[in-house]
Structure formats: C-alpha cells, structure tokens
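The values are calculated or read from the model by the stated rules, or taken from the named source; none is laboratory data. Keep in mind that this is a model prediction, so the values were computed, not measured. A quick note on method: Cβ atoms are made from the backbone with ideal geometry, for glycine too, and the neighbour counts reach across all protein chains shown. These accessible areas exclude ligands, DNA and RNA; they are computed on the full protein's heavy atoms, side chains included. Shrake-Rupley method; radii C 1.70, N 1.55, O 1.52, S 1.80 Å.
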Amino acid sequence: MSTRNSIVVDGFAHGAQPIPAASRVGPLLMTGGVHGIDRATGKLADTLEDQVAHMFDNLAAILQAGGGGMEHLVKLTIYAGVPEVRAAVNARWEIEFPDPTSRPARHTLTSAQLRAPMLVQCDATAFIMT
C-alpha cells in the first residue's frame, strides 16, 4: 500500500489554508490550485501573461518537488477568469510542450470563482514512475 505524501514548495501556498501544493501516492501526483503568484515576492503578478508564466513556473516547481517534471503531466485543467486566457496559455503551452505528439490533455473552463486580481489558475495530474 502506498503512502500519501504532501508536496510543499517554498514561496507557494494557498494563503492561510492548510493545503499542500500537491499530493502524491505512488506514481500519481495531483496538484491543488496552481496560480500565478511570484514565489520571490509572494504577490500575484499584475498582467495575464505574467500570471500565466508564473503559473507554469509554479507547476514545474511543484512537479520537481514531487520527483517529476513537466514531461510527467497527463492532464491540465485551466480555470479562466477572463476570455483572453486561452491565447496566453496557448503561447506558453507551445513553449512547454513543443512536440504535438507528446502533450498532456487539457481542458479550459471559465470560472467566476476566481477572485480578482487572479486571472488564471490550473490543476494538474501527473504520473511519475520513480
């Protein structure tokens, strides 16, 4: 039986909530909400493009802390607070996953639940065989 392990990343938190960045059981890693906070300053980035960049950087840091990397992503769900999110995410998506034959699944949803100034958030599922 596998043990669940909480994944914590310095500078990334869910406010005062007692929630880890991710949880891993065996090869399965699932994140909580990953947003565009700048881990160096602890502040949410001002622009959509910067929030998207920090979101992907935070996701990479979480995966690394969990023993994997972006190549282990299986599914990414994007929560969009503004309509422009899809274009901003697609621009970074093609940088992160340049090979169209090796990309994770993705689903983008409009979310009225995101509180301003948060414009984008994601959660992810990864499978890490290490």
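Identify which of Leu44, Leu109, Leu63 has the largest mean-square fluctuation in a Gaussian network model of the chain, with springs joining Cα atoms closer than 10 Å.
Largest GNM mean-square fluctuation: Leu109.
Put one equal scatterer on each alpha carbon of the stretch 85-130, apply the Debye formula with no solvent term, and list log10 I(q)/I(0) at q = 0.16, 0.25, 0.30 1/Å to two decimals.
Calculated log10 I(q)/I(0) at the listed q: -0.58, -1.09, -1.27.
Comparing Gln17, Gln64, Gln51, which has the greatest mean-square fluctuation in the GNM of the chain with Cα pairs linked when under 10 Å apart?
Gln17
Under 10 Å, Cα contacts only: if you run a Gaussian network model on the chain, which one of Asp57, Asp46, Asp38 comes out with the highest mean-square fluctuation?
Highest fluctuation of the listed residues: Asp46.
Sort Met30, Met129, Met118 by heavy-atom solvent-accessible area, probe 1.4 angstrom, most to least.
The residues order as Met129, Met30, Met118, largest area first.
For the chain, what is the convex hull volume of the alpha-carbon atoms per residue, in Å³?
109
Through the Karplus equation 6.51 cos²θ - 1.76 cosθ + 1.60, θ set to phi - 60°, convert the phi angles of the stretch 50-62 into ³J(HN,Hα) values in whole Hz; use x for Gly and Pro.
5, 5, 5, 4, 5, 4, 5, 5, 5, 4, 4, 5, 5
Loop-only check: which trypsin sites (Lys or Arg not before Pro) in the stretch 81-130 are DSSP coil with at most 11 other Cβ within 10 angstrom?
The qualifying sites are Arg115.
Calculate the dipole size of the chain relative to its Cα centre from +1 charges on Lys and Arg beta carbons and -1 charges on Asp and Glu beta carbons; express the result in debye to the nearest 20.
440
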